[in-house]
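What follows is one structure encoded as structure tokens, with my remarks underneath.
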Amino acid sequence: MSENEALQKRFAAALMPNYGMPPLAITRGQGCRVWDADGREYLDLIAGIAVSSLGHAHPAIVEAVSRQVAAVAHTSNLFLHEREIELAERILYLLGGTTPPDPPALSSGGTHPPGGPSGETHPPRPPLDGRVFFANSGAEANEAAIKLVRRIAGPGRPVIVAAERSFHGRTMGALALTGKESIRAPFGPFGLTVRFVPYGDAAQLRAAMGSDVAAVFLEPGLGESGVVPAPEGYLLAAREACDRAGALLVLDEIQSGIGRTGAWFAHQAAGVRPDVLTLAKGLGGGLPIGACVGFGAAGAGFAKGDHGSTFGGNPVACAAALAVLEVIERDGLLAHVTMVGEHLAAGLGRISHPLVTGVRGAGLWRAVMLTAEVAPDVEAAARRAGFLVNAVQPDAIRLAPPLVLSAAEADEFIAALPAILAGIPAEVSP
């Protein structure tokens, strides 16, 4: 019995079966590569579902986490600590706030030049009236957003508008907003009134709005439905519809945020400012953290005691997140993500194979679209060839690699994909 098989046997005996049986036991990683328990190497093109933004064992995260855990690992919400304040300030700056605070020194042990990590001068920005609540995951960030909406809107606006095919998490409130009946149905009723509309249809979104609507929850792109981008102008139309109806616009950037699309946040490219923004995944670079950001009235919507989290804003997780944000800026990773993402998409787009119908997405958030419902077969074949990808839908393979993926590493997958597809039938599954 191999080491992988032995660990799978123990997994089956000790853990609940909600994940099925994972195909590999990952024991270590370095950069964009990981190794399983039997020593096999893989190019990681899913990064823990868009989480490991700097790849594996990045020295900046290792140093920041080690330093923080040696100082204080936990305070609870009964006390404040500097890392959570620094992180909130930096998130608000990246969202359009005033001149940023000095970033923490990274693993080099040195200090940064005045003005920023690369010595550049940050121009003053207009004040941003925003506030941050820290949680431990994306679902928790969305739960906070739901409570915030309810607190602000009151009982006279009981309806939340959400999108069909959306995914906001698996806790009860987040699941209530998730537009996938197959995962919702076993767990209702949810205690929320949700009006679902087709994603990307601005006319139907406008038609769903009324004086009973408290908020609209949207993703800038449908990650779990196969990296489906919002149509041009859709987020702006949603902003305008919310303004006319007096409702809040909540954008879920748990998967699309923190540089994933080549911008800090996907909504910035659309020129839209939400009332509430939720973040997680890539923010912590592998450590669990989520954030709910409120602007204007939404930033002050919670009163003392309205919400909380014992572990939210954990010092170690905040230290990791600060390192992630600093490295993305210091190393110019937004431009890198744009360049390598376009290189990856162009290379995949040149592949002529009856199973491949195209590539969609932005930055290093892409989906290879298939002509048949064989994505699980493609995922398995890719794994045998040394590549970790995700069969996010029956006819789509999701790629969300670390933001540090090189063009040469992207080329490895581009070159290997035709052979990966070669043994897979090109007919639609029954």
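Can you tell me how many residues in region 286-302 are crowded, with 24+ Cβ neighbours inside 10 Å, small (Gly, Ala, Ser) and more than 12 Å from the chain's Cα centre (by Cα)?
Within region 286-302, residues that are crowded, with 24+ Cβ neighbours inside 10 Å, small (Gly, Ala, Ser) and more than 12 Å from the chain's Cα centre (by Cα) number 2.
With the structure loaded, tell me whether Leu251 is of a type in the set (A, V, I, L, M), surrounded by fewer than 24 Cβ atoms within 10 Å (Cβ to Cβ) and either under 20 Å from the mean Cα position of the chain (by Cα) or at negative phi (or both) or whether it fails that test. I'd like the intermediate steps shown before the answer.
Details: of a type in the set (A, V, I, L, M): yes; surrounded by fewer than 24 Cβ atoms within 10 Å (Cβ to Cβ): no; either under 20 Å from the mean Cα position of the chain (by Cα) or at negative phi (or both): yes.
Judged against the criteria, Leu251 is not a match.
Mind checking which pairs have a first residue in region 61-81 that is outside any helix (DSSP H, G or I) and a second that is among the polar types (S, T, N, Q) and modelled with pLDDT of 95 or more, Cβ under 8 Å, 6 or more apart or different chains?
Matching pairs, first to second residue: Ala73/Asn314; His74/Asn314; Ser76/Thr310; Asn77/Ser309; Asn77/Thr310; His81/Thr75.
Do we have any residue at all in region 162-175 that's more than 22 Å from Ile49 (Cβ to Cβ), touching a helix residue (DSSP H, G or I) at 6+ places or on another chain (Cβ under 9 Å) and open to solvent by less than 40 Å² (accessible area, probe 1.4 Å)? Don't jump to the end; show me each part of the working.
Initial filter on region 162-175 (more than 22 Å from Ile49 (Cβ to Cβ)): none.
No, the conditions are met nowhere in region 162-175.
Scan Arg330, Arg350, Arg360 and give me the residue that is within 20 Å of Leu95 (Cα to Cα) and either open to solvent by 50 Å² or more (accessible area, probe 1.4 Å) or without any contact (Cβ under 8 Å) to a residue 60 or more places away in the chain (or both). Explain how you work it out, then say what you get.
Working: Arg350 fails: within 20 Å of Leu95 (Cα to Cα); Arg360 fails: within 20 Å of Leu95 (Cα to Cα).
The unique qualifying residue is Arg330.
If you go through region 207-224 one residue at a time, do you hit one that is in contact with a helix residue (DSSP H, G or I) (Cβ under 9 Å, 6 or more places away or on another chain), among the polar types (S, T, N, Q) and surrounded by fewer than 18 Cβ atoms within 10 Å (Cβ to Cβ)?
yes
Could you list, in sequence order, the residues of region 219-238 that are in contact with a Pro (Cβ under 9 Å, 6 or more places away or on another chain) and either at pLDDT below 95 or in a strand (DSSP E or B) (or both)?
Residues satisfying the conditions are Gly221, Leu222, Pro229.
Count, please, the residues in region 7-48 that happen to be within 25 Å of Ala415 (Cβ to Cβ) and touching a helix residue (DSSP H, G or I) at 6+ places or on another chain (Cβ under 9 Å).
Residues meeting the conditions: 14.
Which condition breaks for Val368 when tested against (1) farther than 13 Å from Leu45 by Cβ; (2) surrounded by 23 or more Cβ atoms within 10 Å (Cβ to Cβ); (3) among the aliphatic types (A, V, I, L, M)?
Of everything listed in (1) farther than 13 Å from Leu45 by Cβ; (2) surrounded by 23 or more Cβ atoms within 10 Å (Cβ to Cβ); (3) among the aliphatic types (A, V, I, L, M), Val368 misses just condition (1).
Search region 380-430 for residues being of a type in the set (D, E, K, R) and over 19 Å from Val228 (Cα atoms), and hand back the single one that is most open to solvent (accessible area, probe 1.4 Å). Full working, then the answer.
Within region 380-430, the subset of a type in the set (D, E, K, R) is 383-384, 395, 398, 409, 411-412, 427.
Among the residues that remain, those that are also over 19 Å from Val228 (Cα atoms) are: 383-384, 409, 411-412, 427.
Working: Arg383: 55, Arg384: 186, Glu409: 31, Asp411: 66, Glu412: 71, Glu427: 120 Å².
Result: Arg384.
In region 340-430, which strands (runs of 3 or more DSSP E) lie fully inside it and hold 1 or more residues that are closer than 27 Å to Glu326 by Cα?
Numbers: elements: 356-362, 365-370, 390-393, 396-399.
Qualifying strands (runs of 3 or more DSSP E): 356-362, 365-370, 396-399.
Which of (1) within 26 Å of Glu41 (Cα to Cα); (2) free of Cβ contacts under 8 Å to residues at least 60 places away in the same chain; (3) out of contact with any strand residue (DSSP E or B) (no Cβ under 9 Å at 6 or more places or on another chain) is the odd one out, the single condition His343 does not satisfy?
Unmet condition: (2).
Out of all the residues in region 22-51, which are in a strand (DSSP E or B) and either in contact (Cβ under 8 Å) with a residue 40 or more places away in the chain or of a type in the set (Phe, Trp, Tyr) (or both)? Show your work before the answer.
First, pick out the residues of region 22-51 that are in a strand (DSSP E or B): 26-31, 33-36, 41-44.
Residues satisfying the conditions are Gly31, Val34, Trp35, Glu41, Tyr42, Leu43, Asp44.
Tell me, yes or no, whether region 9-28 has at least one residue that is in contact with a His (Cβ under 7 Å, 6 or more places away or on another chain) and open to solvent by less than 30 Å² (accessible area, probe 1.4 Å).
No, because not a single residue in region 9-28 is in contact with a His (Cβ under 7 Å, 6 or more places away or on another chain) and open to solvent by less than 30 Å² (accessible area, probe 1.4 Å).
Just wondering, is there one or more residues in region 140-162 that are in contact (Cβ under 8 Å) with a residue 60 or more places away in the chain, under 27 Å from Cys318 (Cβ atoms) and of a type in the set (S, T, N, Q)?
Yes, region 140-162 has at least one match.
Quick check on my filter: what residues within region 255-276 are among the aliphatic types (A, V, I, L, M), touching a helix residue (DSSP H, G or I) at 6+ places or on another chain (Cβ under 6 Å) and either without any contact (Cβ under 8 Å) to a residue 24 or more places away in the chain or farther than 19 Å from Gly290 by Cβ (or both)?
Filtering region 255-276 for residues among the aliphatic types (A, V, I, L, M) gives 258, 263, 266, 269-270, 272, 276.
Narrowing the set further to residues that are touching a helix residue (DSSP H, G or I) at 6+ places or on another chain (Cβ under 6 Å) leaves 258, 263, 270, 272, 276.
Residues satisfying the conditions are Ala263, Ala270, Val272.
Can you tell me which residues in region 137-160 are open to solvent by less than 40 Å² (accessible area, probe 1.4 Å) and either over 13 Å from Asp252 (Cβ atoms) or assigned to a helix (DSSP H, G or I) (or both)?
The answer is Gly138, Ala139, Ala141, Asn142, Ala144, Ala145, Ile146, Leu148, Val149, Ala153, Gly154, Val159.
Which residues, counting only those in region 53-91, are out of contact with any Lys or Arg (no Cβ under 9 Å at 6 or more places or on another chain), on the phi < 0 side of the Ramachandran plot and polar (S, T, N, Q)?
Within region 53-91, Ser66, Thr75, Asn77 meet the criteria.
State all residues of region 49-77 that are open to solvent by less than 30 Å² (accessible area, probe 1.4 Å) and under 18 Å from Glu409 (Cα atoms); if no residue qualifies, say none.
Ala50, Ser52, Ser53, Leu54, Gly55
Can Ala203 be described as part of a helix (DSSP H, G or I), in contact with a His (Cβ under 6 Å, 6 or more places away or on another chain) and either more than 17 Å from Leu249 (Cα to Cα) or of a type outside the set (Lys, Arg) (or both)? Please lay out each step first, then the result.
Details: part of a helix (DSSP H, G or I): yes; in contact with a His (Cβ under 6 Å, 6 or more places away or on another chain): no; either more than 17 Å from Leu249 (Cα to Cα) or of a type outside the set (Lys, Arg) (or both): yes.
It is false that Ala203 is part of a helix (DSSP H, G or I), in contact with a His (Cβ under 6 Å, 6 or more places away or on another chain) and either more than 17 Å from Leu249 (Cα to Cα) or of a type outside the set (Lys, Arg) (or both).
The values are calculated or read from the model by the stated rules, or taken from the named source; none is laboratory data. Being a predicted model, the structure only gives us computed values, none of them experimental. Every residue, glycine as well, gets a Cβ built from its backbone with ideal geometry; the counts of neighbours run over all protein chains shown. For the accessible areas, the whole protein counts, side chains as well, though only heavy atoms, and no ligand, DNA or RNA atoms are used. Shrake-Rupley method; radii C 1.70, N 1.55, O 1.52, S 1.80 Å.
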